[in-house]
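Everything below concerns the one structure shown next.
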Amino acid sequence: MRLSRNLRVQKILNPSSRVFIFAIILFAFSVILFIGRFELTQTAKNLRSQVTSISYSISYIVSMPSNLINSGIQSIIDLKEIYQQLENYRKNQLTNSSSFQDIVSMKLKIAQYEELLNLTADSEYDFVTSRIVADFSDKFIGTILIKSNETEKLFVDMPATGPTGILGRVSSVDNKIARVLLLNNINSRLPVSISENAYQGIMIGQGQKNPIVEYVREYKNINVGDIVSTSGKGGIFPPYLVVGQVASIDGERIEVELIEDISQLTHIRLLNYKFNQNNE
Amino acid sequence: MIDLKIGNLLIYLILFFTTSSNLVFSSTYFDLTLISCLIIYVLRWNEANWFICIILFMLGIYNDILISTPFGYTSSLFLFFYLIDRVGNFFSIPSNTNIKFIIFSLFVLILFSINYFTIYFIYSTSMPFFVNLASYMAVILLYYPLNFIIGSIQNKYVRVK
């Protein structure tokens, strides 16, 4: 009897079983970490930004040869594109086209209306440009990593835009690297206005699908093709920045096609909007 | 004691490299996290080496930090596939049969289902079905080639105690 009990104890205590039990304990701990949402604590955020900086530095050094070749090839392609754009510009002759005159007359009308309504001017803001160093936009938790350094003075919640529309906002900043939360991230929430009637709603990221706008009271008045822009509510994003167009409407669920395609961009703009507001 | 033999160090380095490649390589159809899980599953580990568990846990946390997935997600995936491999060894499932492949495929598909339904019920949205399934199917298709490569390397150069 005692012999069999000893054998059983020896079986549990042999090295292989101990490692197995240790692995199970670590697995349970990982699951608890995942369920407990540890990443929302300040410690986790600091750890995340520091480790990302270090790993970026290492990968940057290792990838330098290929980056040099890549930038050389890219410079040649950019030069070719500049020549093509110059040719197109000459052909179109923008200053003589009716669209240019329409834009100028519209701006003049808006300025006159603002003066008639005695509207206070929106705060001005400048921007900094930052290079994209890593792109996780195709993952469900869509983020990108951008270069940052002390001279660029990035801060959390800085709006990020491309050449034509808004992309997201800065979610964490470190000495070398900053992370931008994209609009398609499932945790992204953006107050928007739809169409020239400025119907208000909240745009919610859907991961790899187009984001949707919810909580719009006048959803029946919205049509496919209406422009979606930022409303300025919340104080993070300035108003009237283009987000996209209404792609489809399914009852109260309005799907928006974003105007910017992050996969085509190498640099983004970061707006000093919040900084200017704090100074007023 | 910590096992720091060259063979094991190389394995840790390969896993670290695969995880770090998330920073420079991003594709909808190839998920490097799942490929790392496959590597962990096909490798023949030293059963008495407890340091591997800690390495897998730390690599998982590192991967979560890089991609900004919730902490614990990747480490639980890595340890899960490691444990499945250990259970298979406990039941003496030979590595040169299709049973290991079937078990792996089954668990990968279960993982996909869990991800899909968790996102559906918690975030009230759904993943694009076929696009995301493609990355899981790609890992299943990579099983035999990777198993062959890693098995050849380990048979030739590594003596497992």
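Among the helices (runs of 4 or more DSSP H) lying completely within region A:1-105, list those that include at least 3 residues that are of a type in the set (D, E, K, R) and either at pLDDT 70 or above or farther than 30 Å from A:V173 by Cβ (or both).
A:2-13, A:64-92
Go through region B:119-137 residue by residue and tally those that are open to solvent by less than 70 Å² (accessible area, probe 1.4 Å) and either within 18 Å of A:S188 (Cα to Cα) or in contact with a strand residue (DSSP E or B) (Cβ under 8 Å, 6 or more places away or on another chain) (or both).
5
One residue is enough: does region B:66-75 have a residue meeting the conditions surrounded by fewer than 19 Cβ atoms within 10 Å (Cβ to Cβ), touching a helix residue (DSSP H, G or I) at 6+ places or on another chain (Cβ under 7 Å) and hydrophobic (A, V, I, L, M, F, W, C)?
No: region B:66-75 contains no residue that is surrounded by fewer than 19 Cβ atoms within 10 Å (Cβ to Cβ), touching a helix residue (DSSP H, G or I) at 6+ places or on another chain (Cβ under 7 Å) and hydrophobic (A, V, I, L, M, F, W, C).
Which of the residues that make up region A:166-197 are in contact with a Leu (Cβ under 9 Å, 6 or more places away or on another chain), over 16 Å from A:S137 (Cα atoms) and modelled with pLDDT of 90 or more?
Passing the criteria: only A:L190.
Determine whether B:F71 is assigned to a helix (DSSP H, G or I), within 7 Å of another protein chain (Cβ to nearest Cβ) and either closer than 24 Å to A:N46 by Cβ or touching a residue at least 40 places away in the same chain (Cβ under 8 Å) (or both).
Criteria not met by B:F71.
So the check is Cβ under 8 Å with 6+ separation or different chains; which pairs have a first residue in region B:137-157 that's within 11 Å of B:I35 (Cα to Cα) and a second one that's outside any helix (DSSP H, G or I) and of a type outside the set (A, V, I, L, M)?
B:A138/B:Y29; B:A138/B:F30; B:A138/B:D31; B:V139/B:D31
Looking only at region B:42-54, filter to residues that are aliphatic (A, V, I, L, M) and surrounded by 19 or more Cβ atoms within 10 Å (Cβ to Cβ); which one of those is nearest to the other protein chains (Cβ to nearest Cβ)?
B:I52
Among B:L141, B:L83, B:L59, which is within 11 Å of chain A (Cβ to nearest Cβ) and either over 30 Å from A:I177 (Cβ atoms) or buried (at least 17 other Cβ atoms within 10 Å of the Cβ) (or both)?
Result: B:L83 is the single residue among B:L141, B:L83, B:L59 that is within 11 Å of chain A (Cβ to nearest Cβ) and either over 30 Å from A:I177 (Cβ atoms) or buried (at least 17 other Cβ atoms within 10 Å of the Cβ) (or both).
So which residues in region B:73-89 are of a type in the set (G, A, S) and modelled with pLDDT of 90 or more, if there are any at all? If you could, list the steps in order and put the result at the bottom.
Within region B:73-89, the subset of a type in the set (G, A, S) is B:75-76, B:88.
Matches in region B:73-89: B:S75, B:S76.
Only residues in region A:196-210 that are within 13 Å of chain B (Cβ to nearest Cβ) and farther than 13 Å from A:N221 by Cα count as the first member; pair them with residues that are open to solvent by 30 Å² or more (accessible area, probe 1.4 Å) and of a type in the set (A, V, I, L, M), Cβ under 6 angstrom, at least 6 apart or cross-chain, and list the lot.
A:N210/A:A247
How many residues does region B:86-129 hold that are of a type in the set (V, I, T), without any contact (Cβ under 8 Å) to a residue 12 or more places away in the chain and more than 14 Å from chain A (Cβ to nearest Cβ)? Outline the logic, then answer.
Start the filter on region B:86-129 by keeping residues that are of a type in the set (V, I, T), which leaves B:87, B:93, B:97, B:99, B:102-103, B:108, B:110, B:114, B:118-119, B:122, B:125.
This time we only want the ones that are without any contact (Cβ under 8 Å) to a residue 12 or more places away in the chain, so: B:87, B:93, B:97, B:99, B:102, B:110, B:114, B:118-119, B:122, B:125.
Add one more test, that the residue is more than 14 Å from chain A (Cβ to nearest Cβ), and what stays is B:93, B:97, B:99, B:102, B:110.
Matching residues across region B:86-129 total 5.
Which one of the conditions (1) closer than 22 Å to A:I24 by Cα; (2) over 14 Å from the mean Cα position of the chain (by Cα); (3) within 10 Å of chain A (Cβ to nearest Cβ) does B:L66 fail to meet, given that it meets all the rest?
For B:L66, the failing item is (1).
The values are calculated or read from the model by the stated rules, or taken from the named source; none is laboratory data. Predicted, not measured: the structure shown is a model, and the values here were computed from it. As a convention, Cβ positions derive from the backbone with ideal geometry for all residues, glycine included, and neighbour counts pool all protein chains shown. Accessible surface is based on the protein model in full, side chains and every heavy atom, while ligands, DNA and RNA are left aside. Shrake-Rupley method; radii C 1.70, N 1.55, O 1.52, S 1.80 Å.
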